[in-house]
Ligand SMILES: Cc1cc2nc3c(=O)[nH]c(=O)nc-3n(C[C@H](O)[C@H](O)[C@H](O)COP(=O)(O)O)c2cc1C
């Protein structure tokens, strides 16, 4: 077993990480490590750098922890977790995030050619609003435009509302993965869960209407019996294809 003061390197953490469903209830759990790993997770790549997600921390001391674990279908990975991290998407804050990105480029590129600021303006003030704006029928119109433009030249096709939601979830999930690897690196275990009642969780945590739950991550020091079986993966040749 890995000592808590011993951090693992990247490949060791990848190898050692498992979804652990039963966490130790006896020893101490350092919630600061969760914060540290979440701070690392927000360095993950994300679409257009809009950072449209949030981590909602629900530690064991919170009165919401037990009700939340119940809503994770009473999975042991939730009931025994010392902290639950709810990864939510925040598609709804795209305007302020686009503005923050534009302002950052504007203020940090004072010695850069005007072209760069203009490009950023075009991206964050023109393209992103077109992609994220919500008007009646707009999703279909965007898809038709993509199809029309795509007849002539290569064009991003995933512009409809569903694809925008998927894109936001992708970025949230990447950050979640960085978090889980970080937790393994510092000696803790995690279990990502999508087995929960999203409607009730949203109500319990008073989540914004425009948010969606990407996953809920149980955290703690895993017990050996919390690993339900040997790791199974199909042959890598089925998953890695060279063309
Ligand atoms: C998006 C997602 C949702 C998952 N939901 C659950 C879940 O609700 N309960 C659970 O026990 N495991 C859940 N898992 C864990 C997977 O079952 C697990 O990652 C997979 O079996 C591979 O095992 P490993 O993580 O130990 O390598 C989920 C994993 C992911 C990525």
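For the range 13-44, the set of residues classified as over 21 Å from the mean Cα position of the chain (by Cα) and away from the ligand (no atom under 15 Å from the Cβ) consists of 24, 25, 26, 27, 28, 29, 30, listed by residue number.
Of everything in the range 45-80, what is touching a residue at least 24 places away in the same chain (Cβ under 8 Å), assigned to a loop (DSSP other than H, G, I, E, B) and more than 15 Å from the ligand (Cβ to nearest atom)? Give them in sequence order. Give the derivation first.
Residues of the range 45-80 touching a residue at least 24 places away in the same chain (Cβ under 8 Å): 45-60, 64, 67-68, 71-73, 75-78, 80.
Filter again for assigned to a loop (DSSP other than H, G, I, E, B), leaving 45-46, 50-52, 60, 64, 72-73, 75, 80.
The answer is 45, 46, 50, 51, 52, 60, 64.
Scanning the range 181-207 for residues that are within 12 Å of the ligand (Cβ to nearest atom) and touching a helix residue (DSSP H, G or I) at 6+ places or on another chain (Cβ under 8 Å) turns up 181, 184, 189, 190, 191, 192, 193, 196, 197.
Of the residues making up the range 25-43, those that are out of contact with any strand residue (DSSP E or B) (no Cβ under 6 Å at 6 or more places or on another chain), farther than 16 Å from residue 174 by Cα, assigned to a helix (DSSP H, G or I) and in contact (Cβ under 8 Å) with a residue 24 or more places away in the chain are 33, 36. If you go through the range 84-120, how many residues are part of a loop (DSSP other than H, G, I, E, B) and at pLDDT 95 or above? Residues in the range 84-120 being part of a loop (DSSP other than H, G, I, E, B) and at pLDDT 95 or above: 1 in total. Quick one: residue 173 ticks every box in (1) near the ligand (Cβ under 10 Å from one of its atoms); (2) closer than 16 Å to residue 53 by Cα; (3) touching a helix residue (DSSP H, G or I) at 6+ places or on another chain (Cβ under 9 Å) bar one, so which box is it? Single failed check for residue 173: (3). Scanning the range 208-243 for residues that are more than 30 Å from residue 28 (Cβ to Cβ) and within 12 Å of the ligand (Cβ to nearest atom) turns up 232, 233, 234.
The values are calculated or read from the model by the stated rules, or taken from the named source; none is laboratory data. Keep in mind that this is a model prediction, so the values were computed, not measured. Reconstructed Cβ throughout: ideal geometry from the backbone, glycine too, with neighbour counts over all protein chains shown.
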